[in-house]
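Reviewing the structure listed below.
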Amino acid sequence: MDKVILKNKPKLINWLKSDSIHILQYVQAKEMITTSEYEKLMSMTVPMEVVIKLLDIILGKGENVCRDFLNLLKDDDVNEIFPELKKWIKTVDTSESAVMVKQSGSQVTSKISASNGSHVFSPIIAGSTVGSLQMNIGPSGRSNVPANFQKPERDSERRKIQDHQKFLKANTSQLVQKVKNIDPIIDDLILGLHNEAIANVRANPTRQQKMRELLDCVNCESIAKDLVEALFKHEESLMKELQY
């Protein structure tokens, strides 16, 4: 469901910005956002920015909240004032997918194979048949995975940054030159920075100048941490490169 929201984010912003206060009331009533998040959103003065930040908060809460949000948009009381949204949301399938396996004395198995010394970890089985499970094992009766083999580190894992301000300062030049997705990063920092600061950042003509201006706005550890999180969200490859 998060992919549905992300893919249709521009349209949702365009529809919901016409009455951002309206949607906020329902989202709060369903407890999809905290009181603190609600108060911060209500303090914002630009409807489009309110909706952008709301959608980012929803996306950050995971699949279940994203599904709840889309189901909320199907409520006639909610979408009545958004005709285009009402028409679109009817086409969105928010039902939970369930995989059911019937046990009837036989095993449901699938052929899983690896060759040339490769190994299979946590396979996703897309198709299956009823029959016996077969695995190629070594002559000793054990799997031929080397005893000293270690599973590669997950791409999503990253080293913890102790001092966010120090990290940003040390990598200023690289960030200014290499950050490409500057606008969504700015969107994520709307609640942490003053409107005037955000406006000053956006006023710069190039992404490099915007990034430099944004880094100049980092005057405390909390803002630095928010910026680092936004960078990991929108520039993950670059941030991992800077960590190693």
**OP:** Please tell me if I198 is open to solvent by less than 80 Å² (accessible area, probe 1.4 Å), within 19 Å of T45 (Cβ to Cβ) and in a helix (DSSP H, G or I).
**Re:** yes
Original post:
Is it true that some residue in region 78-90 is surrounded by fewer than 17 Cβ atoms within 10 Å (Cβ to Cβ) and closer than 23 Å to L191 by Cβ?
Top reply: no
**OP:** Could you check I33 against (1) part of a helix (DSSP H, G or I); (2) over 14 Å from V92 (Cβ atoms); (3) not acidic (D, E) and say which number it fails?
**Re:** (1)
Original post:
Looking at region 219-234, which of its residues are open to solvent by 30 Å² or more (accessible area, probe 1.4 Å) and over 15 Å from the mean Cα position of the chain (by Cα)?
Top reply: N219, C220, E221, S222, K225
Original post:
Which number in (1) part of a loop (DSSP other than H, G, I, E, B); (2) open to solvent by 30 Å² or more (accessible area, probe 1.4 Å) marks the one condition that L193 misses?
Top reply: (2)
**OP:** Collect the residues in region 34-60 that are over 18 Å from K3 (Cα atoms), open to solvent by 10 Å² or more (accessible area, probe 1.4 Å) and either hydroxyl-bearing (S, T, Y) or within 19 Å of the chain's Cα centre (by Cα) (or both), keeping them in residue-number order.
**Re:** T34, T35, S36, E37, Y38, S43, T45, E49
Original post:
Do we have V27 as more than 19 Å from I198 (Cα to Cα) and crowded, with 19+ Cβ neighbours inside 10 Å here?
Top reply: yes
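The values are calculated or read from the model by the stated rules, or taken from the named source; none is laboratory data. None of the values given here were measured: they were computed from a predicted structure. Reconstructed Cβ throughout: ideal geometry from the backbone, glycine too, with neighbour counts over all protein chains shown. To get the accessible areas, we keep the full protein, side chains included, count just its heavy atoms, and leave off ligands, DNA and RNA. Shrake-Rupley method; radii C 1.70, N 1.55, O 1.52, S 1.80 Å.
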